[in-house]
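All remarks here apply to the structure that follows.
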Amino acid sequence: MGQADARVLDKSAVRDAATVIVVRDRGDRPAVLMGQRGKDAAFMPSKFVFPGGAVDAVDATIPLARPVGPTALSVRSDLAPHAIVAAATRELWEETGLLLGRPGQADIDPPQGWRGYLATGHLPDGEAVEFVFRAITPPGRPRRFDARFLMVDAAHLASDPDDFGGAEDELSHLQWVPLDEARRFDMPFITEVVLAELAARLAGRAPPGVPFFDNSGDRSRFLRL
């Protein structure tokens with residue numbers, strides 16, 4: 001196999017993903033929701049991360065209670081923005097048991113992976129989220145993702161923000177981490193970068209645009225979308 005062919009295969013292995021950063025007490029002492037991945041996980045074992053995961057094809061079929069806002073997903077991508085919002089909502093529900101959305105009914109046969117969420121009588125809320133970061137996993141990792149990070153205020157949760165009783169077992173030690181204490185946790189480098197950007201954004205010091213760590217090619221590039 002030639003070098004060019006290897007690059008094509010490597011690029012094809014990158015999966016679209018959605019990560020959700022839930023923020024509470026932003027006007028006082030901001031904290032974000034994080035959990036720890038299992039030590040045997042194929043991707044980022046034992047690291048503290050935000051809830052999130054791959055975008056599934058079915059996510060694009062889920063209606064939204066309110067459409068995606070004009071500034072929520074300025075993504076240069078063929079992926080439908082509402083699929084990213086739906087995936088982030090589903091992952092938050094699965095990994096933490098927290099319900100993000102507004103009352104509404106989906107006039108569809110609930111697909112696998114969505115039955116529990118839709119049974120609550122809620123739909124994902126496109127207006128509640130803000131697109132704040134994008135990063136593609138560098139080559140050479142066991143799994144690679146093109147991850148879009150969405151920020152949402154905990155006030156938009158339709159459930160108790162401290163009740164993780166419905167969480168699956170993908171993340172443990174779920175907790176609200178104050179931004180000023182986050183660096184004491186063992187987390188991926190990109191998560192540290194996202195937290196720094198988030199702190200600047202909440203303080204009104206972030207430059208215009210959305211940061212993008214583009215590792216899709218041979219060289220890593222940093223852009224602002």
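The values are calculated or read from the model by the stated rules, or taken from the named source; none is laboratory data. The structure displayed is predicted, hence computed values, not measured ones. No Cβ is skipped: glycine too gets one built from the backbone with ideal geometry, and neighbour counts run over all protein chains shown.
With respect to A60, determine if the residue is outside any loop (DSSP other than H, G, I, E, B), surrounded by fewer than 17 Cβ atoms within 10 Å (Cβ to Cβ) and modelled with pLDDT under 85. Step through it out loud before you land on a result.
On the way: outside any loop (DSSP other than H, G, I, E, B): yes; surrounded by fewer than 17 Cβ atoms within 10 Å (Cβ to Cβ): yes; modelled with pLDDT under 85: no.
Answer is no for this residue.
Just checking, how many residues over the range 178-194 are closer than 15 Å to M151 by Cα and in contact with a strand residue (DSSP E or B) (Cβ under 7 Å, 6 or more places away or on another chain)?
Residues meeting the conditions: 3.
Go through the range 85-114 and report how many residues are more than 12 Å from V20 (Cα to Cα) and in a loop (DSSP other than H, G, I, E, B).
Number of matching residues: 14.
Are there any pairs, at least 6 apart or on different chains, whose C-beta atoms fall under 7 Å, with the first in the range 162-188 and farther than 16 Å from V20 by Cβ and the second polar (S, T, N, Q) and crowded, with 18+ Cβ neighbours inside 10 Å, and if so, which?
S172/Q36; H173/Q36
Taking into account only those residues within the range 103-122 that are of a type in the set (A, V, I, L, M) and under 17 Å from L92 (Cβ atoms), which is farthest from the chain's Cα centre (by Cα)?
Filtering the range 103-122 for residues of a type in the set (A, V, I, L, M) gives 106, 108, 118-119.
Applying the additional criterion that residues be under 17 Å from L92 (Cβ atoms) yields 118-119.
On the way: L118: 20, A119: 22 Å.
Restricting to residues being of a type in the set (A, V, I, L, M) and under 17 Å from L92 (Cβ atoms), the top hit is A119.
Is one or more of the residues making up the range 131-138 of a type in the set (S, T, N, Q) and surrounded by fewer than 21 Cβ atoms within 10 Å (Cβ to Cβ)? It would help to see each step written out before you state the result.
So in the range 131-138, the residues of a type in the set (S, T, N, Q) come out as 137.
Next, from what is left, pick out any that are surrounded by fewer than 21 Cβ atoms within 10 Å (Cβ to Cβ): none.
No; the residues of the range 131-138 include none that is of a type in the set (S, T, N, Q) and surrounded by fewer than 21 Cβ atoms within 10 Å (Cβ to Cβ).
Considering (1) outside any strand (DSSP E or B); (2) buried (at least 18 other Cβ atoms within 10 Å of the Cβ), say which one D162 fails and leave the rest.
If we test D162 against (1) outside any strand (DSSP E or B); (2) buried (at least 18 other Cβ atoms within 10 Å of the Cβ), just (2) comes out false.
If Y117 satisfies all but one of (1) crowded, with 22+ Cβ neighbours inside 10 Å; (2) part of a loop (DSSP other than H, G, I, E, B); (3) without any contact (Cβ under 8 Å) to a residue 40 or more places away in the chain, what's the number of the condition it fails?
(2)
Okay, residues lined up against (1) modelled with pLDDT of 95 or more; (2) surrounded by 14 or more Cβ atoms within 10 Å (Cβ to Cβ); (3) under 25 Å from D169 (Cα atoms):
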| site | (1), (2), (3) |
| --- | --- |
| P70 | no, no, no |
| W93 | yes, yes, yes |
| L100 | yes, yes, yes |
| P111 | no, yes, yes |
| L123 | yes, yes, yes |
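When you go through E197, E181, E192 one by one, which is the residue that is surrounded by fewer than 16 Cβ atoms within 10 Å (Cβ to Cβ), within 16 Å of the chain's Cα centre (by Cα) and outside any strand (DSSP E or B)? Before the answer, list the steps.
Working: E197 fails: surrounded by fewer than 16 Cβ atoms within 10 Å (Cβ to Cβ); E181 fails: within 16 Å of the chain's Cα centre (by Cα).
Result of the check over E197, E181, E192: E192.
Just give me the residues in the range 120-155 being touching a Gly at 6+ places or on another chain (Cβ under 7 Å) and not in a strand (DSSP E or B), in sequence order.
Correct list: P124, G126, E127.
Give the residues of the range 138-167 that are at pLDDT below 90 and out of contact with any Ser or Thr (no Cβ under 6 Å at 6 or more places or on another chain), sorted by residue number.
Matches in the range 138-167: P138, P139, G140, R141, P142, R143.
V152 fails exactly one of the following numbered conditions: (1) touching a residue at least 60 places away in the same chain (Cβ under 8 Å); (2) touching a Lys or Arg at 6+ places or on another chain (Cβ under 9 Å); (3) surrounded by 15 or more Cβ atoms within 10 Å (Cβ to Cβ). What is the number of that condition?
(2)
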